[in-house]
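Colleague: Let me give you the structure first, and then I'll get to my questions.
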Amino acid sequence: MTQTSGKPMNDAEMNFEMAASMGLSRAEWDLILDRLQRAPNLCELGIFSAMWSEHCSYKSSKRWLKTLPVDGPQVIEGPGENAGAVDIGDGLAAIFKIESHNHPSFIEPYQGAATGVGGILRDVFTMGARPVALLNALRFGAPDHEKTRHLLSGVVSGIGGYGNCIGIPTIGGEVNFDPSYNGNILVNAMAIGLANSDRIFRSAATGPGNPVIYVGAKTGRDGIHGATMASAEFSDETESKRPTVQVGDPFTGKLLMEACLELMASDSVLAIQDMGAAGLTSSSVEMASKGGLGMEMDLDLVPAREEAMSAYELMLSESQERMLMVLKPEATDTARQIFDKWDLDFMPIGKVTETGRLVLLKDGGVACDIPLDPLVDDAPEYDRPQADVPSRPILASDSITSDAGISALLRQMLATADLGSRRWVYEQYDSQVMADTIAGPGGDAGLVRIHGTNRGLAASTDCTPRYVEADPHTGGAQAVAEAWRNLSAIGARGLAITNNLNFGNPEKPDIMAQMAQSVLGMGDAARALDTPVVSGNVSLYNETDGKAILPCPVVGMVGTIDDIDKAVGNGLPHAGLSLVVIGQDQACDDGWLGVSLYARMLADAPDAAPPPVDLDAERRHGLFVQSLIADGHVIAAHDISDGGLAVALAEMCIAGRTGASITCPATGNPHGWAFGEDQGRYILAVQDGNAVMAAAAAQGIPATLIGETIDTGELQFGGGDVISVEEMEHLVETTIPALMSGAGHTEG
Amino acid sequence: MSLSGLRVAVIVFPGSNCDRDMMVAIEQLAGRRPSLVWHKETTLDPVDLAIIPGGFSYGDYLRCGALAARAPIMEAVLDHAARGGAVMGICNGFQILLETGLLPGVLVENAGLKYVCRDTSVEVVEGTASPFTEGLSPGQRMIIPVAHNEGNYFASDDDLQRLEDNGQIAFRYTESDIIGPANPNGAARNIAGILSTNGRVLGMMPHPERAMSPALGSADGATMLNATLQALAA
């Protein structure tokens with residue numbers, strides 16, 4: 001039944017106007033005509049448009065992604081597969097990736113977020129890994145914006161709705177607010193799985209004649225052309241696109257996960273690919289082209305949920321919980337029995353061919369017959385122009401002053417949405433299912449026990465968009481450094497990262513500069529910290545009515561700790577401990593206030609440079625903290641980030657419900673000292689402060705003994721300037737619940 | 001009987017997601033892996049304890065536990081219970097036991113209208129007679145986490161009074177220094193777990209299988225499950 005005439009029978013020829021409506025440029029349309037030597041039909045044009053969309057082709061970012069370090073002795077699988085894989089020892093691989101679902105989540109927050117989680121989980125178990133942890137990175141508009149409450153509430157319950165049901169713990173994440181996200185929220189979901197290093201499944205089709213099998217849920221008309229929607233700017237009309245948002249079914253997702261993992265334990269699967277963005281199109285094209293082969297499918301055999309679906313609709317649907325596999329022919333019956341057991345569709349719909357073409361049959365005719373090479377190899381790659389990034393001045397630490405004491409400013413700062421406890425959010429996520437969670441959300445990094453061992457897998461997601469906006473290169477490096485610090489602070493060593501590049505319209509030179517420069521910064525940091533990038537996702541066109549978001553290149557870092565019993569949290573458990581700041585020397589009586597939360601609160605964030613990132617220092621300080629924790633010298637640890645030293649101390653006091661007495665420097669600007677956001681620093685609570693100071697001195701690492709934990713229930717700065725731990729706890733615990741209950745909320 | 005001689009079955013529905021956790025917990029305590037019994041089975045080999053684990057059986061479509069209560073295996077579980085066999089339902093398992101009628105009352109949506117996952121302090125109620133509580137001390141407090149959207153126990157005042165009078169309330173949420181209200185879901189009379197009239201069937205919302213060691217935040221779940229296994233082995 002193979003037909004390779006190159007001329008499908010049953011569809012009208014398309015023209016440039018149709019191509020333009022699917023987001024293709026004139027040059028791209030001309031390239032299609034040249035490669036086909038004829039005009040495509042609707043189905044073929046849809047396939048080109050999806051494969052050449054920004055979402056699938058990375059046409060604006062590819063040039064810059066190629067600069068990232070992707071190799072290392074720990075790397076088993078770098079970018080290009082469904083997810084990245086790193087060797088974590090003992091014959092195991094950690095397989096992980098982060099992916100955005102920004103546009104769908106703004107249109108339909110519950111389903112958009114839920115399917116984001118479902119999609120990233122499929123990317124991980126497609127590789128043969130059992131997912132063991134979820135994280136996320138979320139950005140919403142101003143806390144008092146009319147849509148924020150609705151969007152935050154819907155996204156959080158969507159993330160929980162999928163993750164809780166499928167039974168994978170959500171162990172970490174971040175939630176932040178900024179008015180630039182009012183019309184374009186960010187929802188990035190990350191999944192981590194574990195597999196035997198020698199049992200990792202890939203997507204390249206093999207063996208002409210081998211059966212191509214469709215498994216999972218049926219195909220409906222949901223999400224058609226979602227990849228193209230994700231590659232365009234938003235406008236006021238976008239919300240009318242609600243019907244294009246995919247609908248998730250975590251129950252079917254759970255069955256599909258169990259059935260796939262059961263099948264993969266047998267020796268049946270040659271290649272497997274999740275049907276994510278651009279559904280059957282991208283899965284079939286990628287499998288065939290990676291194998292250097294062709295594929296033929298009979299679309300009449302695709303299990304459909306709705307009547308009379310066209311070839312175009314079947315190929316572009318983004319219905320969830322579906323997979324495409326190439327099986328060993330003799331294993332088909334075994335595989336069918338497994339999917340029958342789980343009550344899932346299992347349908348041979350085609351075969352691998354040697355033609356190098358994608359041939360689709362429908363209603364007895366050929367609906368599509370196109371060569372695969374142009375779809376993948378000729379996908380456009382742009383070197384888009386970049387604007388110069390203006391260098392910002394360094395803000396003198398005494399240029400913003402206030403007569404208020406440290407505790408008064410701390411009180412004001414802790415009451416903001418930036419620093420409010422995320423408990424309202426993360427208590428809606430099951431963080432403990434699988435019964436291996438050692439540290440869930442709320443700490444520096446999440447930590448799960450590697451099942452059946454005493455080793456742990458740690459992870460954190462991080463980005464500070466205001467730093468990236470101020471200096472993209474530094475901001476990109478800072479995201480990696482902060483993730484590294486978060487892992488180090490619990491005692492874990494970062495191994496590799498996944499990234500999610502969220503930016504505005506790359507056709508604008510200033511946005512393009514944000515992306516390119518932050519990727520370069522991220523690459524520098526990943527090289528310096530030995531944490532190569534093994535997977536990632538790019539989300540561009542995050543704009544509404546021409547206004548871009550604050551740039552947000554999120555880093556998800558994964559690492560290990562050899563003994564979970566050595567891991568520490570950030571709560572101060574009792575009085576009588578010494579507090580040591582690592583990464584800051586005794587003479588430091590000043591601090592970096594440019595682009596800090598302090599500057600934003602007191603002076604409406606004047607243009608200034610963000611704190612510089614010293615990658616060599618980050619590496620040495622992190623390794624030092626990791627070794628102190630491994631040797632059992634540390635009772636609690638916390639990295640210093642948003643809000644500086646004073647906020648980090650407050651968070652440690654609150655988490656452990658214990659006070660601290662701090663010695664303030666006699667000279668310099670006390671506010672710079674307290675609230676400066678200088679990088680590369682940690683606070684450690686230790687039994688023997690002098691021993692830790694000596695160890696730091698021996699390695700040439702700056703350190704300062706700043707005080708001790710006390711039993712008065714107060715955080716004291718220099719004796720007279722005092723705030724109670726109870727009050728601080730009340731401040732951070734009430735902000736988000738009050739926001740979400742509508743208190744102080746301005747309805748639009 | 002030694003604990004390793006105990007025969008324990010964990011029922012697995014499509015959508016169960018705490019089945020493995022419970023299997024691991026029981027194996028940790030008894031030294032023997034319980035059998036996993038698939039929902040399509042129609043018979044249950046003789047067991048000393050049948051456990052219905054947490055999760056989202058059949059996606060919790062229609063109503064939590066409603067479809068699972070009518071699964072083929074549940075006939076055999078009901079027969080086992082009718083013979084005086086011990087049955088323990090955790091979270092979704094509790095919801096399923098209510099749907100079968102083995103336990104009275106209903107679990108409705110949490111008072112906060114949100115899913116809640118956090119530690120709770122659970123107190124052993126005085127005056128019960130059951131293998132699940134006899135090895136624990138009345139008033140004993142245990143830190144055991146909950147994770148559910150529908151854990152708000154509700155029954156008529158008469159039924160609640162009857163539960164009190166018959167010693168059928170096994171566990172209540174109680175004050176502790178955990179952040180947030182003691183009762184995480186608005187359950188009537190702070191009920192966290194209840195017993196059948198003969199004390200042989202327990203349904204509870206907290207997940208003891210998640211509190212199996214200090215590294216997991218609490219070992220009180222191990223204490224509770226161990227007491228149950230010891231009582232059944234005696």
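The values are calculated or read from the model by the stated rules, or taken from the named source; none is laboratory data. Quantities reported herein were computed from a predicted structural model and do not represent experimental measurements. Positions of Cβ are generated from backbone atoms using ideal geometry, with glycine treated the same way; all protein chains shown enter the neighbour counts. Protein only, heavy atoms only, side chains kept; ligands, DNA and RNA dropped before computing areas. Shrake-Rupley method; radii C 1.70, N 1.55, O 1.52, S 1.80 Å.
Colleague: Starting from the Cα gyration tensor of the stretch B:3-233, take the square roots of the eigenvalues, sort them a ≥ b ≥ c, and report rounded, prolate or oblate (rounded when a/c is under 1.5, otherwise prolate if a/b is larger than b/c, else oblate).
Modeller: Since a/c stays below 1.5, the shape of the stretch B:3-233 is classed as rounded.
Colleague: Related question: Quick one: ranking A:Y598, B:Y58 by accessible area, 1.4 Å probe, largest first, what do you get?
Modeller: Solvent-accessible surface, decreasing: B:Y58, A:Y598.
Colleague: Please list the non-local residues whose amide H lies under 5 Å from the amide H of A:D345, H modeled 1.01 Å from N, same-chain partners needing a gap of 5 or more.
Modeller: A:G216
Colleague: I'd like the accessible area for B:I169, computed on protein heavy atoms only with a 1.4 Å probe and all protein chains in place. Round to 10 Å², please.
Modeller: Per-residue accessible area (B:I169): approximately 0 Å².
Colleague: Ignoring everything except DSSP H segments at least 4 long, calculate the 222 nm mean residue ellipticity for chain A; use -39,500 (n - 2.57) per segment, divide by total residues, nearest 500.
Modeller: Rounded to the nearest 500, the figure is -10000 deg cm²/dmol.
Colleague: If you don't mind, there's one more thing I want to ask. Provide the buried accessible surface between chains B and A in square angstrom, both chains summed, 1.4 Å probe, rounded to the nearest 100.
Modeller: Adding both sides of the contact gives about 2500 Å².
Colleague: Then there's this: Each residue of the stretch A:434-450 in order: what ³J(HN,Hα) in whole Hz does its phi give by Karplus 6.51 cos²θ - 1.76 cosθ + 1.60, θ = phi - 60°, with x for Gly and Pro?
Modeller: These are the phi-based 3J(HN,Hα) values: 5, 6, 10, 7, 8, 9, x, x, x, x, 6, 9, x, 9, 10, 6, 6 Hz.
Colleague: Assign one of three labels to the stretch B:28-146, namely rounded, prolate or oblate, based on the Cα gyration tensor with a ≥ b ≥ c the square roots of its eigenvalues; rounded applies when a/c is under 1.5, prolate when it is not and a/b is larger than b/c, and oblate otherwise.
Modeller: Oblate.
Colleague: Would you calculate a helix-derived [θ] at 222 nm for chain B, using -39,500 (n - 2.57) for each DSSP H run of n ≥ 4 and dividing by the full residue count, to the nearest 500?
Modeller: Estimated from H runs of four or more residues: -7000 deg cm²/dmol.
Colleague: Once each part is reduced to its C-alpha centroid, what is the distance from the stretch B:156-234 to the stretch A:687-748 in angstrom?
Modeller: Here the two parts' Cα centres lie 36 Å apart.
Colleague: Stretched out fully, how many nm does the piece from A:H451 to A:V376 gain, at 0.36 nm a residue minus the Cα gap?
Modeller: Extending this stretch completely gives an extra 23.1 nm.
Colleague: While we're looking at this one, here's another question. Where only protein heavy atoms count, and the probe is 1.4 Å, what is the accessible area per residue for the stretch B:3-233 in Å²?
Modeller: 36 Å²
Colleague: Report, by chain and number, residues whose modeled amide H sits under 5 Å from the one on A:T560, excluding near sequence neighbours (fewer than 5 apart, same chain).
Modeller: Those qualifying (amide H under 5 Å, at least 5 residues apart or on another chain) are A:A458, A:R493, A:L495.
Colleague: May I pose another question? Roughly speaking, to the nearest percent, how much of the stretch B:3-233's 1.4 Å accessible area is carbon and sulfur?
Modeller: Accessible surface attributable to carbon and sulfur in the stretch B:3-233 totals 48 percent.
Colleague: Mean Kyte-Doolittle of at least 1.0 plus a Cα span of 18 Å or more along the axis: flag which DSSP H helices in chain A meet both, please.
Modeller: Membrane-span-like by this criterion, though nothing is claimed about a membrane: A:644-656.
Colleague: Here is a further query. Whole Å is fine, so just give me how far the alpha carbon centre of the stretch A:259-318 lies from that of the stretch A:143-187.
Modeller: 30 Å
Colleague: Moving on. What are the DSSP H helices in chain B that stretch 15 Å or more along their long axis, judged by alpha-carbon atoms, and whose average Kyte-Doolittle hydropathy comes to at least 0.0?
Modeller: B:19-30, B:72-82, B:220-233
Colleague: Something else now. How many Å² of accessible area per residue for chain A, probe 1.4 Å?
Modeller: 32 Å²
Colleague: Take the Cβ-Cβ distance between B:S137 and B:A82 as r, set R0 to 41 Å, and report the resulting FRET efficiency rounded to the nearest 0.05.
Modeller: The pair B:S137/B:A82 has a calculated efficiency of 0.85.
Colleague: With the solvent-accessible surface defined on protein heavy atoms using a 1.4 Å probe, which residues belonging to the stretch B:24-66 display a reduction of at least 40 Å² in accessible area in the multichain context relative to the isolated chain?
Modeller: Buried by 40 Å² or more upon assembly, which counts only protein chains, are B:W38, B:K40, B:F56, B:Y61.
Colleague: Can you tell me the FRET efficiency between B:S176 and A:D398 if r is taken as the Cβ-Cβ distance and R0 is 56 Å, rounded to the nearest 0.05?
Modeller: That gives a FRET efficiency of 0.75.
Colleague: Which order do A:S402, A:S460 take by accessible area at a 1.4 Å probe, largest first?
Modeller: Reading off the accessible areas and sorting them downward yields A:S402, A:S460.
Colleague: Less than 14 Å apart at the alpha-carbon level, and either on another chain or at least 8 residues along: which aspartates and glutamates does that give for A:K66?
Modeller: A:E381, A:D383, A:D524
Colleague: Still on this structure, I have one more. For a test of the definition: using alpha carbon positions, the gyration tensor, and the 1.5 limit on a/c, classify chain A as rounded, prolate or oblate.
Modeller: Note, shape of chain A comes out prolate.
Colleague: Can you pull the one-decimal nm distance between simple spin-label points at A:Q586 and B:Q161, each 7 Å off the Cα toward Cβ?
Modeller: According to this spin-label approximation, the distance is 7.5 nm.
Colleague: Let me ask something else about it. For B:T197, what accessible area in Å² do you get when you roll a 1.4 Å probe over the heavy atoms of the protein chains, rounding to the nearest 10?
Modeller: 120 Å²
Colleague: Under a 5 Å amide H to amide H cut-off, with H placed in plane at 1.01 Å, what residues pair with B:V201 once short-range neighbours are removed?
Modeller: Hits under the 5 Å cutoff: B:V87, B:S196.
Colleague: To continue, here is another question. Once each part is reduced to its C-alpha centroid, what is the distance from the stretch A:586-636 to the stretch B:37-76 in angstrom?
Modeller: A separation of 53 Å, based on Cα centres.
Colleague: Now for a separate question. My understanding is that a pair violates if its Cα-Cα distance is over 28 Å; which of A:K254/A:K566; A:K97/A:K290; A:K59/A:K328; A:K218/A:K508; A:K147/A:K218; A:K62/A:K254 do that in this structure?
Modeller: Result: A:K254/A:K566; A:K59/A:K328; A:K218/A:K508; A:K147/A:K218; A:K62/A:K254 exceed 28 Å.
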